[in-house]
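Below: one structure, written as structure tokens.
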């Protein structure tokens, strides 16, 4: 407090001295380029003024501002929404990793007793959660029950099915790479005729999701470019509308920084409000999808519920919107402001 | 205050608007710039306001050599020159107060000072009661006075006016000219371009006469009056 007061007082007294005369003084100009201690305060003051001036301009033109903001919102909502969908799909499939299962088909010659010994041996391995032994008789029974070829099987003299061990690894060993290693190990056991990973399709799903993720990224980059152009064009039009004003400002000594500040802030506002719009659009869409998704997950006996945009995601959309708006405005300002010179 | 040394201005379209101008206007002087249309009055004022640059020669205003001035420095130099335009160049969507305050806002003056100085400036031109009005609701003479208030609000040492009485009746014109004379009396250097010979003669000040881009009278001695 005290420091502030001492810093301010000389300036106050200085203004009091000059306050009596309203007419210009000979050979002196009181208006100079701001320097020294007051420079930083002046800098922030200028930004503060521009911030509210730009906000005033946005609010004075509600319809056209709203249209721009809506377009930006839709452009940002698309990648954000797809990201949410992808995240949900990943959430669902993550639960399926528990179901990783390796089927070991043993040699025909292996007897039931030997198969049981093998079950014990595999169960003892650290990465194994559970081993289920399906005897040829059980397998035949299941086959008869589900395949509808029951009568045909009567023709066979003996059971053609081998002993089968269903091996389920522990959760920590369920990642694709670990499972691959385990599969290799089991396949090399002498009594194993064939080892089959039942989750090949899961790997394919992951591959498809990787494509999806890349697709969302590409889309996001393209739409970010679109936002840049939208904001750039809006600011370009705004600059053209204020051509006379800019000319007058330049004539009475406004720097480029002073003139461009409100335009940069308009870009920032539009981008950020567009991001808020995007967030609302994503939330609304997810709300509309909520009912049908709930029904579907009920049909699958699942308690899955649609996740929405996480807080970090919201922040990313807001920051991205703001930055894109600012960058778009900056590009437009840099290109068009220099062209306007008083004549 | 204003120093021209063998200054010329050629335009790309051809023709020399100004050629070989030598001129010395001291601080605290008041002078009129006259001549026929196309004689180069506007071009000369544009050189002083840094709106255009000389093709050759030296323009030195307030101790600053314009031919050596970078683009970055132009705004700061313009703040020391109050320019008054024939077509006022006011911002029509802002009030009289905001128009006059603009140079101070641009210079980053404290808010308290802005209000005080705008009021002082408007009081000087007799428009204190119209500060909340928009420029278009004022008469031509009043708009011109708003332009003058804006030009003097940051107390520049030099005032330059381009046909400030161009569209005004004789009584209003005389009023405006007296206003400039008052500023000159407190030490401001004033240069006014005008073709109103009667009015200029009545003011009894130094007169610079331009003809086809050449300064044919008033370049040297002070206090010379057009016959």
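Summary table
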read-out: CD proxy at 222 nm, helix term only [per DSSP H run n ≥ 4: -39500 (n - 2.57); per residue of chain B; nearest 500]; value: -9500 deg cm²/dmol
read-out: Where Rh is the Kirkwood radius over Cα pairs, Rg/Rh for segment A:194-343; value: 1.23
read-out: Over chain B, relative contact order from alpha-carbon pairs under 8 Å, at least 6 apart, %; value: 29 percent
read-out: Rounded to 10°, Cα long-axis angle of helix A:37-60 versus longest principal axis of chain A; value: 70 degrees
read-out: Test item: B:151-159 mean partner chain Cβ contacts at 10 Å; value: 5
read-out: Separation between Cα centres of segment B:7-52 and segment A:286-305, rounded to whole Å; value: 80 Å
read-out: Peptides ranked, highest mean first, by Cβ atoms within 10 Å: ranges B:53-61, A:322-330; value: A:322-330, B:53-61
read-out: At R0 = 45 Å, FRET efficiency that the Cβ-Cβ distance of residue A:300 and residue A:225 yields, to 0.05; value: 0.70
read-out: Exercise: per-residue mean of other protein chain Cβ atoms within 10 Å, A:253-259; value: 6
read-out: Most fluctuating residue given options A:58, A:192, A:231, as computed from a GNM of chain A linking Cα atoms under 10 Å; value: A:192
read-out: Contact order relative to length of chain A, as percent, for alpha carbon pairs under 8 angstrom and 6 or more apart; value: 27 percent
read-out: Part-to-part distance (alpha-carbon centres) for segment A:313-332 and segment A:83-149, which is given in Å; value: 51 Å
read-out: Chain A: angle of helix A:176-187 to the longest principal axis, Cα-based, in degrees nearest 10; value: 20 degrees
read-out: Average beta-carbon neighbours from other chains, 10 Å sphere, peptide B:104-116; value: 5
read-out: CD proxy at 222 nm, helix term only [per DSSP H run n ≥ 4: -39500 (n - 2.57); per residue of chain A; nearest 500]; value: -24000 deg cm²/dmol
read-out: Chain A: angle of helix A:311-336 to the longest principal axis, Cα-based, in degrees nearest 10; value: 40 degrees
read-out: Extension gain from residue A:137 to residue A:240, taking 0.36 nm per residue of separation minus the Cα-Cα distance; value: 28.5 nm
read-out: Largest to smallest principal axis extent of the C-alpha atoms in the protein assembly as shown, angstrom; value: 140, 55, 44
read-out: Distance (nanometres) between label positions extended 7 Å along Cα→Cβ at residue A:87 and residue A:178; value: 2.5 nm
read-out: Cα-based convex hull, segment B:1-150, per residue volume (Å³, whole number); value: 147 Å³
read-out: Base-10 log of normalised Debye intensity for segment A:101-198 (one unit scatterer per alpha-carbon) at q = 0.14, 0.17 Å⁻¹; value: -0.55, -0.76
read-out: Centre separation in Å (Cα based) which lies between segment B:166-209 and segment B:56-129; value: 20 Å
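Each value in this text was obtained by applying a stated rule to the coordinates, not by laboratory testing. Bear in mind the structure is a predicted one, so any value in this text is a computation, not a measurement. With ideal geometry, Cβ positions are generated from the backbone for all residues, glycine too; neighbour counts draw on all protein chains shown.
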